[in-house]
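These notes concern the structure reproduced below.
The values are calculated or read from the model by the stated rules, or taken from the named source; none is laboratory data. Fair warning: this is a prediction, and the values are worked out from it, not measured in the lab. Here the Cβ positions follow ideal geometry from the backbone for every residue, glycine too, while neighbour counts run over all protein chains shown.
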Amino acid sequence: MSEQSWKNAIITVLTESKEPLHYSEITERIMTRGLKTTSGATPDATVNAQISASIKHDGTDSPFLRVAKGTFTLRTIGAVAQQPVTEPEVEISDDVIRAFGIHWQREHVVWRRQPRLFGRQQVAAKSVDFSGQRGVYVLSDHHTVIYVGRAVERDLGQRLYEHTLDRLSGRWNRFSWFGLYSVSDAGKLMEESLAPSFASIVSAFEAILIETLEPPQNRRRGDDFTAVEYIQDIDPELREQELQSTLRSIEQKLRQAQ
C-alpha cells in the first residue's frame with residue numbers, strides 16, 4: 001500500500017474503526033499498517049496536532065470530531081451519536097511525569113559509565129536515548145520490585161549503571177522509569193517548567209504505584225495520566241555484536257563443511 005498523507009492516513013484508520021479512538025491508538029494503527037512513515041520521535045503528538053489543527057481551522061468542514069479528551073471520530077460517523085468536546089488546539093499536559101518505560105530489560109543495554117537507554121514511542125518511530133532522563137526508577141527481579149530510587153543529582157543512566165556494581169547488582173534484571181523530561185520530535189529530551197495541578201500530582205502517584213505494584217483489581221494505570229510510554233530498543237552495539245557472532249558461526253560451519 002502506498003504511503004498516505006497524515007490526514008488521509010488518519011481518515012483511513014477512523015473509517016475502518018467506525019468508533020472513536022484516542023490519538024495514540026490512531027498513531028499505532030497508522031504505523032503498524034505502514035500508512036505513513038516518519039523520521040520523528042513523537043508521531044503521537046503529530047497525529048494529535050494534525051487532527052486538532054483541522055478542527056480549529058476548518059470548523060464544520062473538518063472531517064474530524066473530538067468526542068472526549070484526546071479521542072476522535074469522523075464527523076460523518078459521530079455527528080449524530082456523539083456530542084463534540086471543546087478543547088485547546090493541542091492538549092497541554094500539566095503532568096509531573098512526561099515520559100516513562102515499563103519493565104525494560106537489563107540485558108538490552110551495554111552497561112558502561114555513560115550507558116545508552118534507547119526507547120521508541122511507536123515501533124516505526126525514531127529511537128530516543130533516555131539515559132539523561134531525570135525522575136524515579138524501579139528495579140525488579142522479573143516482575144518483583146526489589147528497589148525504588150530517584151535520578152535527580154545524577155541522571156537515569158548513571159544511577160542504573162551504579163546498580164550494576166553495587167550490592168543490588170545480581171538481584172535485578174528489569175527496570176522501569178518515570179521521567180520529568182518530555183521528548184522533542186527530533187528525539188531530544190527537553191526540560192520544561194513544571195506547574196502541575198493537585199490532580200496531576202495525585203494522578204502521577206497513582207500511576208506509578210499501579211505500574212510498580214500491579215494490583216490485580218486495577219485495569220488501567222490511572223485516570224487523567226497522559227504521560228507517553230516508550231517501548232525499549234536494544235542498543236545498536238548489541239545488535240551489531242549479535243550479527244557478527246552469527247556471521248562467525250556461519251563462516252565456521254562453512255569451513256567445517258569443506
Criterion: under 23 Å from residue 76 (Cβ atoms), part of a loop (DSSP other than H, G, I, E, B), outside the structural domain of residue 228 (by TED's automatic domain parsing) and not aromatic (Phe, Trp, Tyr) - qualifying residue of 14, 35 = 35
Quick one: is residue 208 assigned to a loop (DSSP other than H, G, I, E, B) and touching a residue at least 12 places away in the same chain (Cβ under 8 Å)?
-> no
Going by the structure shown, is residue 228 crowded, with 16+ Cβ neighbours inside 10 Å, within 16 Å of the chain's Cα centre (by Cα) and either at pLDDT below 85 or farther than 20 Å from residue 120 by Cβ (or both)?
-> yes
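Of 140, 169, which residue is in the same structural domain as residue 109 (by TED's automatic domain parsing), in a loop (DSSP other than H, G, I, E, B) and of a type in the set (S, T, N, Q)?
After ruling out the rest, the residue left standing is 169.
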For residues that are without any contact (Cβ under 8 Å) to a residue 24 or more places away in the chain and either of a type in the set (A, V, I, L, M, F, W, C) or touching a His at 6+ places or on another chain (Cβ under 6 Å) (or both), tally how many sit in the range 152-164.
-> 1
Residue check: is residue 94 at pLDDT 85 or above, of a type in the set (Asp, Glu) and surrounded by fewer than 21 Cβ atoms within 10 Å (Cβ to Cβ)?
-> no
Can you confirm whether the range 174-188 contains a residue that is of a type outside the set (A, V, I, L, M, F, W, C), outside the structural domain of residue 43 (by TED's automatic domain parsing) and more than 30 Å from residue 68 (Cα to Cα)?
-> yes
Report yes if some residue within the range 67-78 is farther than 19 Å from residue 121 by Cα, surrounded by fewer than 21 Cβ atoms within 10 Å (Cβ to Cβ) and polar (S, T, N, Q); otherwise report no.
-> yes
All but one of (1) free of Cβ contacts under 8 Å to residues at least 40 places away in the same chain; (2) within 27 Å of residue 113 (Cα to Cα); (3) not in a strand (DSSP E or B) hold for residue 186, so report the exception by its number.
-> (1)
Tally of residues being surrounded by fewer than 21 Cβ atoms within 10 Å (Cβ to Cβ) and over 24 Å from residue 128 (Cα atoms) across the range 38-54 | 2
In the range 102-134, the residues that are part of a strand (DSSP E or B) and either surrounded by fewer than 17 Cβ atoms within 10 Å (Cβ to Cβ) or small (Gly, Ala, Ser) (or both) | 103, 105, 119
What are the pairs, 6+ residues apart or on separate chains, where a residue within the range 240-258 that is under 24 Å from residue 110 (Cβ atoms) has its Cβ under 9 Å from a residue that is modelled with pLDDT of 85 or more?
-> 241/110; 242/234
